Amino acid sequence: MHNLQTNPPKSSFNPPEHYFDKSKLGELKKIHHAKSVIIYSIYHNILAFLNDCFFFVIKAIGIILLKIFYNVQVENRGRIPLKGPLIVVANHFSYMDPIVLQSVFPRRISFMMTELYYEGRGKWLFKLLRCICVKENGSNIAALKAGIEVLRKSNVLGIFPEGGVSKEGRLQEGNLGVGFLAGKSRASVIPAFISGTYEALPKGAKIPKISKIKVIFGSPMTFKKIKSNSNKKGIAEITRQIMDQIKELSF
């Protein structure tokens, strides 16, 4: 009787040496990472393109409606820098102000807006329009950083320095945030004054009225860089100069 073979047959498969080559594994990881970066970049660019399309549709609708019902007039549009980081500042007498300002502005604006409106039903719209939420109470470090990032990318940041819609249709004091952003970023600041929106849709009104609306742009301003965040005196001075320029445009 023959003895049965109890040992399993030896495998004839011998893995190639590069299976255990760490340098080869490193190259494979780099290739995988590069593919991931490319896919993410394509995905991000598609989303950005769709977002831009949505913005231009919204802007076009705003321009048409404002032209039909308000025939918005603009002075000194040629003063607006078409390139580089820019902060546009204006008075805030009505809920219509951001719509009017964006409709006459040649570049896309990312507005800073209070959480009172940002967190409401229109939150999804404000996010798509790249608005920056500003808290009414507490720290706004995140909002200030977001504003700096907009300017770092050579885009336009829109600020209503009064911090809210004026109830009486009169210019209020400016918040120090605008002075901080102007001094920290050293971006050009272009002041604007919007008239007629208070008569069209004052705070508390639900139905807009027909009114003549006009936007006047001032000359771009630049300020010395603020090195220290605690330089409240310097920040306050920049804020004062900005508000003075807005006020001058109202006369």
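Out of Lys214, Lys232, one residue alone is assigned by TED's automatic domain parsing to the domain that holds Ser103 and out of contact with any Leu (no Cβ under 8 Å at 6 or more places or on another chain). It is Lys214. Of Val134, Val165, all but one fail to be touching a Ser or Thr at 6+ places or on another chain (Cβ under 7 Å), modelled with pLDDT under 95 and within 24 Å of Leu66 (Cβ to Cβ); the exception is Val165.
From (1) out of contact with any Phe, Trp or Tyr (no Cβ under 9 Å at 6 or more places or on another chain); (2) of a type in the set (Val, Ile, Thr); (3) more than 22 Å from Leu151 (Cβ to Cβ); (4) buried (at least 16 other Cβ atoms within 10 Å of the Cβ), pick out the condition that doesn't hold for Ile64. Condition (4) is where Ile64 drops out.
Scanning the range 216-243 for residues that are in a loop (DSSP other than H, G, I, E, B) and not polar (S, T, N, Q) yields Gly218, Pro220, Phe223, Lys224, Lys225, Ile226, Lys227. Would you mind finding the one in Phe160, Phe193 that is on the phi < 0 side of the Ramachandran plot, in contact with a His (Cβ under 7 Å, 6 or more places away or on another chain) and among the aromatic types (Phe, Trp, Tyr)? After applying the criteria, what remains is Phe160. Just checking, does the range 103-119 include any residue being closer than 23 Å to Ser188 by Cβ, not assigned by TED's automatic domain parsing to the domain that holds Arg170 and not acidic (Asp, Glu)? Looking through the range 103-119, none of the residues is closer than 23 Å to Ser188 by Cβ, not assigned by TED's automatic domain parsing to the domain that holds Arg170 and not acidic (Asp, Glu). A count restricted to the range 175-212 and to residues that are within 21 Å of Gly84 (Cα to Cα) and part of a loop (DSSP other than H, G, I, E, B) stands at 2.
For the range 201-208, state whether one or more residues are at pLDDT 95 or above, out of contact with any strand residue (DSSP E or B) (no Cβ under 6 Å at 6 or more places or on another chain) and of a type in the set (Val, Ile, Thr). Scanning the range 201-208 turns up no residue that is at pLDDT 95 or above, out of contact with any strand residue (DSSP E or B) (no Cβ under 6 Å at 6 or more places or on another chain) and of a type in the set (Val, Ile, Thr).
The values are calculated or read from the model by the stated rules, or taken from the named source; none is laboratory data. For clarity, every value in this text was computed on a predicted model and none was experimentally measured. Glycine also receives a Cβ, built like all others from the backbone with ideal geometry; neighbour counts cover every protein chain displayed.
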